[in-house]
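Heads up, the thing below is written out as structure tokens.
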């Protein structure tokens, strides 16, 4: 039962990160990048990289929980 709760929580976290990434992409489409300084551009890129890293970590955690759940249900 705990694995199911963990899986559900991770799924919600994954959805949240995906929504943040989508919002950042929409923001990037509306920004006048020429008006931003190099430091500001780098911060936006670093933030996207950080979100993508966290998304990969959550995806890996979901895979591990699914594997554990399948092993519990196995023969």
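What follows is calculated from the coordinates using simple rules that are stated; it is not laboratory data. All values reported here derive from a predicted model rather than from experimental measurement. Cβ placement follows ideal geometry from the backbone for every residue including glycine, while neighbour counts extend to all protein chains displayed.
What the table shows:
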quantity: Rounded tilt (10° steps) of 38-73 against the dominant C-alpha axis of the chain; calculated: 10
quantity: The chain: C-alpha pair distances exceeding 21 Å, %; calculated: 44
quantity: Contact order relative to length of the chain, as percent, for alpha carbon pairs under 8 angstrom and 6 or more apart; calculated: 60
quantity: Computed FRET value (nearest 0.05) for residue 54 with residue 8, which takes r as the C-beta separation and R₀ as 25 Å; calculated: 0.90
quantity: C-alpha long axis of helix 2-30 to longest principal axis of the chain, angle in °; calculated: 20
quantity: Of 55, 21, 36, the one that fluctuates the most in a GNM where the chain has Cα springs shorter than 10 Å; calculated: 36
quantity: Cα→Cβ-extended label distance, 7 Å offset, between residue 64 and residue 16, nm; calculated: 1.9
